[in-house]
1. Keeping all protein chains in position, work out how much accessible area residue 9 exposes to a 1.4 Å probe, and write it in Å² to the nearest 10.
2. Suppose all protein chains stay in the model; what accessible area per residue would a 1.4 Å probe give for the chain, in Å²?
3. Can you list which of the DSSP-assigned H helices in the chain have a Cα extent of 30 Å or more along the long axis and an average Kyte-Doolittle score of at least 0.5?
4. Can you tell me the FRET efficiency between residue 38 and residue 10 if r is taken as the Cβ-Cβ distance and R0 is 22 Å, rounded to the nearest 0.05?
5. Kindly state, to the nearest 0.05, the FRET efficiency for residue 63 paired with residue 17, given R0 = 25 Å and r defined as their beta-carbon distance.
6. Principal axis lengths of the chain from Cα atoms, whole Å, largest first?
7. Which is farthest toward the positive dipole end of the chain among 45, 10, 67, measuring Cα position about the Cα centre, with Cβ charges +1 (Lys, Arg) and -1 (Asp, Glu)?
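The values are calculated or read from the model by the stated rules, or taken from the named source; none is laboratory data. Small disclaimer: the values here were computed from a predicted structure and weren't measured. All Cβ positions, even for glycine, are placed from backbone atoms using ideal geometry, and neighbour counts span all protein chains on display. Side chains are part of the model used for accessible areas, which takes the heavy atoms of the whole protein and leaves out ligands, DNA and RNA. Shrake-Rupley method; radii C 1.70, N 1.55, O 1.52, S 1.80 Å.
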Amino acid sequence: MNTWKTEGDAPLLLTTDEAARALGLSPRKVWELGAVGELPRVQIGRSVRFARGDIEDFIARQRRKAVQR
């Protein structure tokens, strides 16, 4: 049994595809956001993952930007 999970048994780190589904974006767009630093990514060897908390922070930043417009 994997003990590295958050509440509700959700993974702490998401793959590019999982992060894309969570955000409703294409995997390519998520990859681009990670590459430019808008969405922090975790590099583990050759694997790239996105932390659930970073995705939530990204959403909050986007909401603040929309309100400021």
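1. 110
2. Details: 5250 Å² over 69 residues.
Per-residue value: 76 Å².
3. Values: long enough: none.
Span-like helices here: none at all.
4. Values: r = 22 Å, r/R0 = 1.02.
E between residue 38 and residue 10, to the nearest 0.05, is 0.45.
5. On the way: r = 24 Å, r/R0 = 0.95.
With R0 = 25 Å, the Cβ-Cβ based efficiency is 0.60.
6. For the chain, the Cα extents along the three principal axes come out at 46, 27, 17 Å.
7. The one lying farthest along the dipole's positive direction is 67.
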